[in-house]
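Right, one structure below, let's go through it.
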Amino acid sequence: MSELRVLVVSPEVTPFAKTGGMADVCGSLPLYLRSLDCDIRVFLPGHRSVQQIASRARILGNVEPIICGLPVRGTIRNTRLEKKVTTYFVENDALFDREYLYGTPEGDYPDNLQRFTFFARSAFELCALVDFWPHVFHCHDWQSGLIPVYLRTMFADHPELSHSASVLTIHNLAYQGLFPMDLFPLLDIPEQWRDVRGLEFWGKLNFLKGAIQSANVINTVSENYSREIQTEELGCGLDGVLRDRRDDLFGILNGTDYTEWDPRTDPYIAAHYTSENLEGKVSCKRDLLETLGLPEELMTRPVVGMITRLAAQKGLDIVAECIDEMLALEVGFVLLGTGDQKYHEMFQRIGARFPQKAAIRLGFDNELAHKIEAGSDIFLMPSRYEPCGLNQIYSLRYGTIPLVRATGGLDDTIRDYDPATGSGNGFKFEAYSARALMQRMISVLELYRNRAAWTDLMRRAMREEFTWARSASKYMDLYRLALQQPRHRA
Ligand code: ADP
């Protein structure tokens with residue numbers, strides 16, 4: 001086949017809208033795929049942040065899918081990713097002009113089913129509007145999970161779409177898009193999809209399950225995670241469904257956009273530095289301490305950084321459990337995050353108890369995220385599970401040594417430091433416990449005191465490469481495989 005036509009359908013895409021790593025993937029992978037004989041385009045909802053960033057985007061026309069008998073109107077606008085990749089978004093202010101993407105810190109928006117049903121249906125209307133008929137729809141997480149279902153149902157005999165395939169990338173299995181079963185009629189799909197072989201999940205509707213059942217191929221964002229989700233422990237109730245599809249389930253490690261995350265060029269940090277000349281990192285640390293109002297004396301002590309969604313997945317409970325012990329070791333602690341109210345309060349209390357040692361910033365702040373990557377010495381990711389994780393990869397590039405729990409993509413990307421040989425690029429611990437975290441932290445701090453060995457480790461970490469080039473060609477293989485795959489469910 002000559003040029004492959006691919007539509008990336010994603011609820012968030014950097015720089016237009018972001019809550020986590022999925023946005024970074026959808027904002028950078030297409031840039032690499034476009035050089036691989038691929039006409040790749042991107043589609044996302046017109047969230048408030050998208051409208052602000054792409055305020056001058058051209059209007060292409062309206063779409064009006066009939067949802068449950070009623071037309072719902074959206075406006076399609078056209079912008080570009082990095083001035084290169086055609087990117088469309090659909091505006092419907094009642095559905096998408098909101099402060100957050102999926103919900104407030106108090107909980108999910110109550111109309112998420114309607115919002116993301118409209119989004120999926122608009123994707124097909126978009127194809128007609130701009131006369132772009134994808135060979136492959138590349139869907140991301142539950143928010144675009146209805147696309148594979150509609151390809152099997154509503155569009156199974158469509159003259160332009162009957163041969164289209166879908167690839168489902170699971171960035172996080174824990175978020176599934178669960179809704180009351182009585183909303184099923186709003187989806188406009190045949191009755192048989194109500195049952196356990198369709199979207200039914202313990203009496204509810206489950207968008208991700210529908211996508212897993214119907215996508216041609218599925219992948220997760222690291223190899224390890226593609227195995228872990230087939231176990232009861234990390235399968236979030238879908239392990240059986242995933243095991244059924246194990247022959248079509250793959251793992252492709254996320255790449256990194258080093259144009260955004262590199263201390264040589266980063267516009268947000270106080271000074272640039274490289275693995276050959278680390279002087280600038282000292283200025284970055286001073287700048288971070290000043291920005292956060294932490295005392296100068298921390299310049300001679302290790303500073304531990306975290307940038308994270310405040311969710312149970314991220315290991316925040318075990319950090320809170322051992323924070324007194326950790327701070328007693330004369331380290332500084334910096335956390336930037338937003339998410340569940342419970343963790344907001346938990347970490348606010350920590351900030352108030354240790355004003356001279358800990359700085360807690362609750363919110364989403366890209367510039368501060370860059371400053372933390374550059375200005376910290378150690379980057380902590382004690383996740384309960386981690387589909388890929390990007391911050392540990394960014395940290396390597398900034399010479400900020402990752403201390404991670406050995407799970408998912410963290411385990412795939414971090415090699416434990418071995419004092420005997422000096423090999424490795426970071427530190428790992430196995431058990432999900434405050435005790436295991438602290439035990440490993442003690443060996444990290446021991447190495448930190450050995451300046452020569454620490455500098456050597458920093459330099460090695462900074463030279464690691466996790467570029468998109470390799471992963472992008474694996475996605476091309478996946479697209480081709482999807483097109484060869486028989487339709488999974490009639
Ligand atoms: P996840 O996708 O589970 O949130 P990842 O490590 O894959 O975790 O990606 C997180 C991305 O979101 C990183 O680019 C990180 O810098 C960014 N990020 C997370 N929380 C914040 C925040 N509060 N402010 C700025 N950036 C954040």
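The values are calculated or read from the model by the stated rules, or taken from the named source; none is laboratory data. Just so you know, these numbers come straight off a predicted model, no measurement behind them. Glycine gets a Cβ as well: all are built from the backbone with ideal geometry, and neighbour counts include every protein chain shown. Remember, those area values only see protein heavy atoms, side chains included, never the ligands or the DNA or RNA. Shrake-Rupley method; radii C 1.70, N 1.55, O 1.52, S 1.80 Å.
Scan segment 372-381 for residues that are within 10 Å of the ligand (Cβ to nearest atom) and open to solvent by less than 10 Å² (accessible area, probe 1.4 Å) and jot them down.
If the condition is that a residue be within 10 Å of the ligand (Cβ to nearest atom) and open to solvent by less than 10 Å² (accessible area, probe 1.4 Å), then ILE372, GLU373 are the ones that fit.
Within segment 5-32, how many residues turn out to be open to solvent by 10 Å² or more (accessible area, probe 1.4 Å) and farther than 18 Å from ALA369 by Cα?
Of the residues in that region, 3 qualify.
Residues ARG415, ARG361, ARG405: which one is more than 21 Å from the chain's Cα centre (by Cα) and either under 19 Å from LEU253 (Cβ atoms) or within 13 Å of the ligand (Cβ to nearest atom) (or both)?
Every option except ARG415 fails the conditions.
Return the residue satisfying two criteria in turn: it lies in segment 387-402 and is more than 7 Å from the ligand (Cβ to nearest atom) and among the small types (Gly, Ala, Ser), and of such residues it is surrounded by the fewest Cβ atoms within 10 Å (Cβ to Cβ).
By that ranking, first place goes to GLY399.
Of all residues in segment 70-86, how many are open to solvent by less than 20 Å² (accessible area, probe 1.4 Å) and within 28 Å of ILE189 (Cα to Cα)?
Of the residues in segment 70-86, 2 are open to solvent by less than 20 Å² (accessible area, probe 1.4 Å) and within 28 Å of ILE189 (Cα to Cα).
Could you pull out every one of the helices (runs of 4 or more DSSP H) wholly within segment 191-308 that has 1 or more residues that are more than 24 Å from the chain's Cα centre (by Cα) and within 16 Å of the ligand (Cβ to nearest atom)?
Of the helices (runs of 4 or more DSSP H) lying wholly inside segment 191-308, those with at least 1 residues that are more than 24 Å from the chain's Cα centre (by Cα) and within 16 Å of the ligand (Cβ to nearest atom) span 279-292.
Kindly establish whether GLN176 is part of a helix (DSSP H, G or I) and either open to solvent by 10 Å² or more (accessible area, probe 1.4 Å) or of a type outside the set (Phe, Trp, Tyr) (or both).
no
What do you reckon, is ALA461 out of contact with any His (no Cβ under 8 Å at 6 or more places or on another chain), at pLDDT 95 or above, away from the ligand (no atom under 16 Å from the Cβ) and open to solvent by less than 10 Å² (accessible area, probe 1.4 Å)?
Spelling it out, ALA461 is indeed out of contact with any His (no Cβ under 8 Å at 6 or more places or on another chain), at pLDDT 95 or above, away from the ligand (no atom under 16 Å from the Cβ) and open to solvent by less than 10 Å² (accessible area, probe 1.4 Å).
Here's the yes/no breakdown for (1) in contact with an Asp or Glu (Cβ under 6 Å, 6 or more places away or on another chain); (2) assigned to a loop (DSSP other than H, G, I, E, B):
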{"position": "VAL404", "(1), (2)": "no, no"}
{"position": "LEU410", "(1), (2)": "yes, no"}
{"position": "ALA420", "(1), (2)": "no, yes"}
{"position": "ARG459", "(1), (2)": "no, no"}
{"position": "ALA469", "(1), (2)": "no, no"}
{"position": "TYR475", "(1), (2)": "no, no"}
{"position": "ARG480", "(1), (2)": "no, no"}
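Going by what's in this entry, would ARG384 be described as in a strand (DSSP E or B), within 16 Å of the ligand (Cβ to nearest atom), surrounded by fewer than 24 Cβ atoms within 10 Å (Cβ to Cβ) and touching a residue at least 24 places away in the same chain (Cβ under 8 Å)?
Taking the combined requirement at face value, the residue does not satisfy it.
List the helices (runs of 4 or more DSSP H) that sit entirely inside segment 68-160 and contain at least 3 residues that are under 19 Å from ALA57 (Cβ atoms), over 21 Å from the mean Cα position of the chain (by Cα) and not aliphatic (A, V, I, L, M).
Hits in segment 68-160: 112-130.
Report yes if ILE67 is more than 16 Å from the ligand (Cβ to nearest atom) and surrounded by fewer than 23 Cβ atoms within 10 Å (Cβ to Cβ), otherwise no.
Against the criterion (more than 16 Å from the ligand (Cβ to nearest atom) and surrounded by fewer than 23 Cβ atoms within 10 Å (Cβ to Cβ)), ILE67 qualifies.
Do you know which residues across segment 470-484 are under 13 Å from LEU4 (Cβ atoms), among the small types (Gly, Ala, Ser) and surrounded by 17 or more Cβ atoms within 10 Å (Cβ to Cβ)?
ALA472, ALA482, listed by residue number.
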